[in-house]
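Enquirer: Here it is: the structure, laid out below.
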Amino acid sequence: MLSVHVARLGAGVYLSQNADLTYYAASTMKMAVLAALYRSGLDLDAPVPVHNRFVSAVSAPPFAITPDWAADSDTWQLLGKSASLRWLARRMVTHSSNLATNICLSHVGLDAVNEIWRLAGARHSVTRRGIEDFAARAAGVTNLVTAADLSRLLCWLPPELLDQLAANVHRIDLPAGLPTGTRIALKNGWVRGIRHSAGIVYPSDAPPYVIAICYSGPLGMGRDADDPAARLLSRISAGIWSRRHSLLAKGDVS
């Protein structure tokens with residue numbers, strides 16, 4: 001299944017295909033965690049413990065997540081030490097750190113994250129558990145997004161947080177379909193059978209536009225880069241880029 005939502009900022013929807021269909025969120029939910037943390041009033045520069053023990057969203061023992069040193073060595077090297085929430089939040093979106101995500105989520109709470117979805121105007125998206133909370137997953141507790149809601153969230157985020165998303169090191173999916181050096185503030189996410197990417201693209205010769213693509217199916221191999229689903233998303237991104245001068249509104253982005 002494939003969902004696509006494209007809109008020129010402030011000018012309504014250009015393309016909406018299955019845009020309200022829900023998918024497992026994968027790492028795209030980290031954008032809502034980021035926004036909730038910055039809205040929380042917590043001292044983001046205060047050091048907090050870096051640990052790998054988290055409370056489940058259901059009545060179950062605490063859980064730990066699988067270390068991923070290849071993707072996120074800087075955070076895992078701090079295990080048993082401390083780091084600021086600001087540093088962890090940035091790592092969460094620039095390197096898609098699962099460890100940083102669960103630590104940030106443990107400080108801000110699920111209710112605050114779901115309040116972000118509500119404030120952004122999301123209609124179907126929800127964050128109900130942390131990363132690798134397998135007991136919650138077995139109980140049917142999951143995180144959901146839609147392509148339209150990811151677009152709404154991106155359009156709602158303040159420039160400071162979009163700047164952090166623009167520092168995403170995973171230049172695959174949507175960025176791979178753009179000319180080198182094109183600014184895009186994005187978050188992508190993948191597990192086997194799932195591939196999503198959503199971002200705001202800033203062409204130098206046309207107004208910015210938001211694009212969100214959600215995919216589920218056999219092309220999603222769960223690999224970071226060499227993934228057929230990633231290539232599919234990049235081709236769609238390239239097709240939208242080629243039409244960047246004519247993204248005429250066909251509806252209301254809200």
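The values are calculated or read from the model by the stated rules, or taken from the named source; none is laboratory data. Being a predicted model, the structure only gives us computed values, none of them experimental. For neighbour counting, all protein chains shown are included, and Cβ atoms are generated from backbone atoms with ideal geometry for every residue, glycine included. When the accessible area is computed, the model is the full protein with side chains, heavy atoms only, and any ligands, DNA or RNA have been set aside. Shrake-Rupley method; radii C 1.70, N 1.55, O 1.52, S 1.80 Å.
Enquirer: Residue-wise, which Karplus ³J(HN,Hα) couplings in Hz belong to the stretch 187-198, taking 6.51 cos²θ - 1.76 cosθ + 1.60, θ = phi - 60°, and x for glycine or proline?
Expert: My calculation for the stretch 187-198 gives 9, 10, x, 7, 9, 4, x, 9, 8, 10, 7, 9 Hz in order.
Enquirer: Once every Cα of the stretch 1-54 carries one equal point scatterer and solvent is ignored, give the base-10 log of I(q)/I(0) from the Debye formula at q = 0.14, 0.18, 0.30 Å⁻¹, two decimals.
Expert: Once normalised to I(0) and log-transformed, intensities are -0.66, -0.85, -1.16.
Enquirer: Hey, another quick one. Excluding ligands, DNA and RNA, what is the solvent-accessible area per residue of the chain at a probe of 1.4 Å, expressed in Å²?
Expert: Per-residue value: 42 Å².
Enquirer: Taking 35 Å as R0, compute the FRET efficiency from the Cβ-Cβ separation of residue 60 and residue 118 and round it to 0.05.
Expert: Working from the Cβ atoms, E equals 0.85.
Enquirer: Turning to a different aspect of this structure: Could you order 111, 20, 173 so the one with the most accessible surface comes first? Probe is 1.4 Å.
Expert: Descending accessible area places them as 111, 20, 173.
Enquirer: For residue 235 and residue 82, what is the calculated FRET efficiency with R₀ set at 41 Å and r taken between the beta-carbons, to the nearest 0.05?
Expert: Efficiency computed from Cβ-Cβ geometry: 0.40.
Enquirer: A further question follows. Over every pair of different alpha-carbon atoms in the stretch 181-254, take the mean of 1/r and invert it; report that Kirkwood radius in Å.
Expert: 13.3 Å
Enquirer: Using only the Cα atoms of the stretch 51-90, what do you get for the radius of gyration and for Dmax, in Å?
Expert: 11.8, 32
Enquirer: I'd like the Karplus ³J(HN,Hα) series for the stretch 149-155: coefficients 6.51, -1.76, 1.60, θ = phi - 60°, whole numbers in Hz, and an x wherever there's a Gly or Pro.
Expert: Rounded to whole hertz, the list is 5, 4, 5, 4, 4, 4, 5.
Enquirer: Against the 2.2 N^0.38 Å scaling, with N counting residues, where does the stretch 102-241 land? I'd like the Cα-based Rg ratio to two decimal places.
Expert: Taking the Cα Rg and dividing by 2.2 N^0.38 Å, one obtains 1.07.
Enquirer: Enter the angle in degrees (range 0 to 90, nearest 10) between the Cα long axis of helix 30-39 and the first principal axis of the Cα atoms of the chain, meaning the one along which they spread out most.
Expert: 70 degrees
Enquirer: Connecting C-alpha atoms closer than 10 Å in a GNM of the chain, tell me which of 12, 140, 189 has the biggest fluctuation.
Expert: Checking each option, the largest mean-square fluctuation is seen for 140.
Enquirer: Run the numbers on the chain and let me know its relative contact order in percent, using alpha-carbon pairs under 8 Å that are six or more apart.
Expert: That works out to 27 percent.
Enquirer: Sticking with this one: Pick from 105, 186, 161: which is most flexible by mean-square fluctuation in a GNM of the chain where alpha carbon atoms under 10 Å apart are linked?
Expert: 161
Enquirer: Separate question: How much accessible surface area, in Å² rounded to 10, belongs to the heavy atoms of residue 242 with a 1.4 Å probe?
Expert: It works out to around 80 Å².
Enquirer: Separate question: Scaled to the compact-protein estimate 2.2 N^0.38 Å, what is the alpha-carbon radius of gyration of the chain, rounded to two decimal places?
Expert: Rounded to two decimals, the normalised Rg is 0.96.
Enquirer: Quick one, what does Rg over Rh come out to for the stretch 8-115 if you take C-alpha atoms and the Kirkwood Rh?
Expert: Rg divided by Rh gives 1.03.
Enquirer: Quick one: which residues, 5 or more positions from residue 84 or on another chain, have an amide H under 5 Å from its amide H? H modelled 1.01 Å from N in the peptide plane, none for Pro or chain starts.
Expert: Under 5 Å from the amide H of residue 84: 48.
Enquirer: Amide H of residue 19 versus every other amide H placed in the peptide plane: which residues, excluding those fewer than 5 positions away on the same chain, fall under 5 Å?
Expert: 4
Enquirer: Okay, moving on. Where the accessible area of the stretch 94-188 is counted over protein heavy atoms with a 1.4 Å probe, how much of it, in %, is carbon and sulfur?
Expert: 52 percent
Enquirer: For the stretch 164-181, take each phi angle, set θ = phi - 60°, evaluate the Karplus expression 6.51 cos²θ - 1.76 cosθ + 1.60, and give the result in whole Hz per residue in order, putting x for glycine and proline.
Expert: Using θ = phi - 60°, the values come out as 5, 5, 5, 8, 3, 7, 8, 8, 10, 6, 4, x, 5, x, 10, x, 4, x Hz.
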